[in-house]
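Worksheet for the structure shown next.
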Amino acid sequence: MIFVTGGAGYIGSHACVELLMAGHDVTVFDNFSNSQWEATERVQRIAGRTMTVVRGDIRDVQALQSALRASKAEAVMHFAGLKAVGESEAEPLKYYDNNVLGTLRLLEAMVACDVKTLVFSSSATVYGIPESLPYREDHRLSATNTYGMTKLVVENMLRDLHRSDPSWSIGILRYFNPVGAHSSGLIGEDPQGTPNNLMPYVAQVAVGRREFLNVWGNDYPTPDGTGVRDYIHVVDLAIGHVKAFDYLKTREGCIAVNLGAGSGHSVMDMVRSFEAASGRAVPFKVGPRRAGDLGAYWADASLAAELFGWRVERGLDRMCADTWRWQSMNPDGYKGEQ
Ligand code: NAD
Ligand code: UFG
């Protein structure tokens, strides 16, 4: 049994599908602060198997401990957290409370229930300003915003915990830019309000919910001047979690591993690919750089290949085609269902 915090969210829901398909039993623990119950129903429909879903907050010690104990979990995958960089700058205490205190409570509950295998959702943001590219796992760590700092604090907490008790098996997975959706079109990213991220914004322009895309800067030192990122299909990312668990279940340790494609694409590459996949125009206007943005970065993805036998299988065309299928089948996200 795998206990999945934040399993109703974008990445967690895709991970649940892959875990169920790989034969694992799953308990989701989510407070639905940024997700819909419907997502968990659809996960079970896709996988053709049931899972247990518990509504609860990881900061609620009693609810968490009783759900974890009842699940008889052998491992935890910890996706629950807040992720909006701008909001984290405006409301830092909310981010420390949810992401840091919430993880602390989760670790305490794991100790109490003697569960010592954990997969944690970290981010490429912990590398800060690139000293060299691609980012390798031994790149210096730093944070340029509060959200990134919460990830860094948790990473440090996990390394300290493992040092104190080496029988823990901890996988810190540093995601690059997750995009795309399940090929069924039933689950995908469902941002509330105006999307902060490129791909959901592009999809909403293509479907006619928004007039045009703002391209944040075309004067970066990149081939076409727009920002370059390492986009990774969310299903490849989800499969990476299953493989990470397979690796961790027989080994003690605390390892940090990049999950990225290992190559970068520009904003204009994404716009052109999305137009080709959707057959719709994506009008855009070039604006100034967005505060805090880096010009270009991508992953060295070789450690995940070496340790987990994992590498991405879905390219830009699949990322765009699957996002478009999800967006056009669910123009108002999960809410259209209610
Ligand atoms: P998401 O918001 O879609 O999913 C997070 C889920 O956690 C939601 O279902 C939310 O309701 C739940 N949640 C939040 N706080 C909770 C709490 N206190 N108790 C219980 N449940 C809670 O986000 P996502 O994109 O699926 O991201 C999952 C994880 O991956 C997050 O930790 C995020 O920081 C990390 N991450 C995401 C990205 C990205 O670009 N999406 C990149 C790097 C890392
Ligand atoms: N962009 C636009 N217009 C938009 C949105 C984004 O031009 O409307 C550009 C950005 O400037 C950037 C690229 O598209 O060049 C990707 O931007 P995203 O917001 O999609 O992703 P980021 O790389 O900025 O952010 C991601 C995660 C964060 C994480 C950060 C650092 O969403 O959680 O990487 O690793 F903190």
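Would you say Ala291 is more than 20 Å from Val242 (Cα to Cα), hydrophobic (A, V, I, L, M, F, W, C) and modelled with pLDDT under 95? Walk me through it before giving the result.
On the way: more than 20 Å from Val242 (Cα to Cα): yes; hydrophobic (A, V, I, L, M, F, W, C): yes; modelled with pLDDT under 95: yes.
So Ala291 passes the test.
For (1) touching a residue at least 60 places away in the same chain (Cβ under 8 Å); (2) buried (at least 16 other Cβ atoms within 10 Å of the Cβ); (3) within 18 Å of Asn177 (Cα to Cα), each residue gets a yes or a no:
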| residue | (1), (2), (3) |
| --- | --- |
| Thr103 | no, yes, no |
| Cys113 | no, yes, no |
| Thr125 | no, yes, yes |
| Ile129 | yes, no, yes |
| Glu137 | yes, yes, yes |
* **strands (runs of 3 or more DSSP E) contained entirely in segment 222-338, each with at least 1 residues that are crowded, with 22+ Cβ neighbours inside 10 Å and touching a Pro at 6+ places or on another chain (Cβ under 9 Å)** => 231-233, 253-259
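Filtering segment 151-181 down to residues that are part of a helix (DSSP H, G or I) and under 18 Å from the mean Cα position of the chain (by Cα), which residue is nearest to ligand 2 (Cβ to nearest atom)? Talk me through it step by step, then tell me what you get.
Kept after step one, since they are part of a helix (DSSP H, G or I), are these residues of segment 151-181: 151-164.
Next, from what is left, pick out any that are under 18 Å from the mean Cα position of the chain (by Cα): 151-155.
Working: Lys151: 8, Leu152: 11, Val153: 14, Val154: 14, Glu155: 14 Å.
My answer is Lys151.
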* The lone exception for Asn214 - which of (1) under 27 Å from Leu82 (Cβ atoms); (2) surrounded by 24 or more Cβ atoms within 10 Å (Cβ to Cβ) it fails -> (2)
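Of the residues that sit in segment 125-150 and are aliphatic (A, V, I, L, M) and under 19 Å from Leu303 (Cα atoms), which one is nearest to ligand 2 (Cβ to nearest atom)?
Residues of segment 125-150 that are aliphatic (A, V, I, L, M), as a first pass: 126, 129, 133, 141, 143, 149.
With under 19 Å from Leu303 (Cα atoms) added as a condition, the list becomes 126, 133, 141.
Working: Val126: 8, Leu133: 13, Leu141: 12 Å.
Here the residue is Val126.
Tell me yes or no: at least one residue of segment 44-55 is surrounded by 15 or more Cβ atoms within 10 Å (Cβ to Cβ), touching a residue at least 60 places away in the same chain (Cβ under 8 Å) and either small (Gly, Ala, Ser) or not in a loop (DSSP other than H, G, I, E, B) (or both).
Taking segment 44-55 as the starting set, the residues that turn out to be surrounded by 15 or more Cβ atoms within 10 Å (Cβ to Cβ) are 44, 46-47, 49, 51-54.
Checking the rest, the ones that are also touching a residue at least 60 places away in the same chain (Cβ under 8 Å) come to 46.
Checking which are either small (Gly, Ala, Ser) or not in a loop (DSSP other than H, G, I, E, B) (or both) leaves us with 46.
Yes; the residues of segment 44-55 include at least one that is surrounded by 15 or more Cβ atoms within 10 Å (Cβ to Cβ), touching a residue at least 60 places away in the same chain (Cβ under 8 Å) and either small (Gly, Ala, Ser) or not in a loop (DSSP other than H, G, I, E, B) (or both).
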* Which condition number in (1) in contact with a strand residue (DSSP E or B) (Cβ under 9 Å, 6 or more places away or on another chain); (2) within 9 Å of ligand 1 (Cβ to nearest atom) is the one that Ser33 fails? -> (1)
* Is segment 228-243 home to any residue that is of a type in the set (D, E, K, R) and under 20 Å from Ala22 (Cα atoms)? -> yes
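What do you reckon, is Glu155 surrounded by fewer than 17 Cβ atoms within 10 Å (Cβ to Cβ) and either over 18 Å from Leu259 (Cα atoms) or charged (D, E, K, R) (or both)? Lay out the reasoning, then the answer.
Values: surrounded by fewer than 17 Cβ atoms within 10 Å (Cβ to Cβ): no; either over 18 Å from Leu259 (Cα atoms) or charged (D, E, K, R) (or both): yes.
Criteria not met by Glu155.
The values are calculated or read from the model by the stated rules, or taken from the named source; none is laboratory data. From a predicted model like this one, the values you see are computed outputs, not experimental measurements. Ideal geometry is used to build each Cβ from the backbone, glycine not excepted, and the neighbour counts take in all protein chains shown.
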